[in-house]
1. Residue by residue through segment 36-74, note down the ones that are in a loop (DSSP other than H, G, I, E, B) and within 11 Å of residue 19 (Cα to Cα).
2. What number of residues within segment 191-243 satisfy the criterion of being closer than 19 Å to residue 138 by Cα, buried (at least 16 other Cβ atoms within 10 Å of the Cβ) and of a type in the set (S, T, N, Q)?
3. Which pairs do you get when a residue that is more than 17 Å from residue 177 (Cα to Cα), found in segment 119-130, comes within reach of a residue that is surrounded by fewer than 18 Cβ atoms within 10 Å (Cβ to Cβ) and small (Gly, Ala, Ser), reach meaning Cβ atoms under 6 angstrom, with the pair 6+ apart or on two chains?
4. May I ask you to verify whether residue 150 is part of a helix (DSSP H, G or I) and either at pLDDT 95 or above or surrounded by 18 or more Cβ atoms within 10 Å (Cβ to Cβ) (or both)?
5. Give just the number: which of (1) surrounded by fewer than 20 Cβ atoms within 10 Å (Cβ to Cβ); (2) more than 20 Å from residue 237 (Cα to Cα) does residue 140 not satisfy?
6. Just checking, which of 165, 151, 175 is within 21 Å of residue 274 (Cβ to Cβ) and either outside the structural domain of residue 119 (by TED's automatic domain parsing) or out of contact with any Cys (no Cβ under 6 Å at 6 or more places or on another chain) (or both)?
Amino acid sequence: MPSPSSSVQEARRALGQRLREIRKDAGLTARALAARAGWHESKCSRYESAARTPSEDDLRTWAEQCGMPQLADELITTLRGIDGMYVEWRRMERSGLRKAQESVVPLWERTRRFRIYSSWLIPGPVQTAPYVKALLTSIRDRRGLIDDVDEAVHVRMDKQHVVHEGNHSFAILLEEAALRYRIGGPEVMTGQLRHLLSTAALPSVSVGIIPLTADRSGIWPVEGFFLYDADVANVELVSAHLTVTQSHEINLYADAFARLSELAVYGGKARDLITDAIDALG
């Protein structure tokens with residue numbers, strides 16, 4: 001699997017390569033471009049090697065001094081995309097949890113095929129309101145955020161309309177341990193697991209459970225991730241929210257999902273594992 005920041009570094013390198021191509025197409029050396037722009041001569045090479053990230057103003061200057069000002073908007077759009085790939089939670093949640101929940105609504109609504117893997121939590125599309133509230137309350141307290149938990153719960157639950165409406169499919173893979181971690185206490189967890197059983201019966205939803213007894217020699221538990229069609233992967237890290245858009249890395253997550261799927265049980269065997277987890281709650 002890629003390292004958390006590898007997508008960002010790859011995108012920065014691609015931007016640097018694009019800047020190099022623009023400069024060469026203009027027939028300029030790095031030294032000549034720096035002189036035109038009034039920069040230190042090392043600045044161009046740092047941008048082209050991705051050792052340093054350019055500002056939007058620098059990208060405008062680059063395009064103008066290379067005689068291609070029409071490329072400035074394209075370069076700035078690329079830069080903003082890179083900035084959005086690795087977002088610290090404190091930045092994403094600075095206005096509260098509701099805004100963070102709302103930010104992914106358009107992505108959920110346009111995605112047709114969801115592939116979701118979780119090793120520690122029941123994922124968002126099949127969560128109950130009490131389970132969501134327990135999760136978000138913990139996040140609020142742990143990160144010292146403003147108290148908009150109730151509003152954030154409402155947004156997350158409203159997003160679940162895609163499970164019941166439109167042409168969306170959900171392939172959900174859970175490690176058996178995710179059924180056992182007690183989020184919100186026994187009553188909340190019992191309600192959540194019963195809801196998972198009922199949701200798994202929907203024609204648009206497939207739930208696979210990887211048993212604790214599965215042979216993990218080939219692939220072990222990895223970080224939880226969402227695959228949205230074949231376009232985007234979201235990964236939740238301890239410190240940040242990672243958005244993967246490079247095709248070769250998307251393929252790595254898709255391959256991991258396929259390999260993990262081979263370890264899972266489905267149908268009656270999956271229901272048995274969920275029922276066992278409910279029974280263990282007493």
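The values are calculated or read from the model by the stated rules, or taken from the named source; none is laboratory data. Bear in mind that the values here come from a model prediction, so they are computed numbers and not experimental data. Backbone-built Cβ (ideal geometry, glycine too); neighbour counts: all protein chains shown.
1. Let us first name the residues in segment 36-74 that are in a loop (DSSP other than H, G, I, E, B), namely 38-41, 49-55, 66-68.
Hits for segment 36-74 are 49, 50, 54, 66.
2. 1
3. So the pair list comes out as 128/191.
4. Details: part of a helix (DSSP H, G or I): yes; either at pLDDT 95 or above or surrounded by 18 or more Cβ atoms within 10 Å (Cβ to Cβ) (or both): yes.
When the stated conditions are applied, residue 150 passes them.
5. Single failed check for residue 140: (2).
6. Numbers: 165 fails: within 21 Å of residue 274 (Cβ to Cβ); 151 fails: within 21 Å of residue 274 (Cβ to Cβ).
Within the list 165, 151, 175, the selection yields 175.
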